[in-house]
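No value in this document is a laboratory result; all are computed from the given coordinates. These numbers come from a predicted model, not from an experiment. All Cβ positions, glycine included, derive from the backbone under ideal geometry; neighbour counts span all protein chains shown.
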Amino acid sequence: MKKLSLIVFAIFLGGITLIGTNLFANSPVLASPLSEACAQNPSAAGCDVLNRDDTALNQSIRNIINVLSFGVGIVSIIVIIVAGIQMNAARGDMEKIKQAQRAIKYSVAAIIIAALAFSIVNFVIAQT
């Protein structure tokens, strides 16, 4: 029961993170005084940091995270399918069933972690 509540909490936290990235991405609360001052006077001291063109770097990081998240998702789904087949083929052998259950549990955890990493990276990139 404790493990189930931990999994439910992790899914809840992942959902909040995914929703939060969309709700707070353009929030005026997150705007810094420096960005407001540079919007009025772009040549002011310290504004060169904000005027850098990091879009290529940000896009590269976003692409890498997208590919890695996709890869983790595909591998995890394949592991879940194979573990399900192993569980059906176990024919009552409790050790094989436990091994398949562990594989499914770790695959679900990997999907949750990949989703959190994806949303955190995209949130941070959206803020810069």
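When the Karplus curve 6.51 cos²θ - 1.76 cosθ + 1.60 is applied with θ = phi - 60°, which whole-Hz ³J(HN,Hα) does each residue of region 99-106 get, with x for Gly and Pro?
5, 5, 5, 5, 4, 5, 4, 5
I need the phi-derived Karplus couplings for region 114-120: 6.51 cos²θ - 1.76 cosθ + 1.60, θ = phi - 60°, integer Hz, Gly and Pro marked x.
Result, ordered by residue: 5, 5, 5, 4, 4, 6, 5 Hz.
Residue-wise, which Karplus ³J(HN,Hα) couplings in Hz belong to region 78-89, taking 6.51 cos²θ - 1.76 cosθ + 1.60, θ = phi - 60°, and x for glycine or proline?
For region 78-89, the Karplus curve yields 5, 5, 4, 5, 5, 5, x, 5, 4, 5, 5, 7 Hz.
Net charge near Ala83: determine it from the other residues with C-beta under 12 Å of the C-beta of Ala83, scoring Lys and Arg +1 and Asp and Glu -1.
Taking every other residue near Ala83 into account, the sum is +4.
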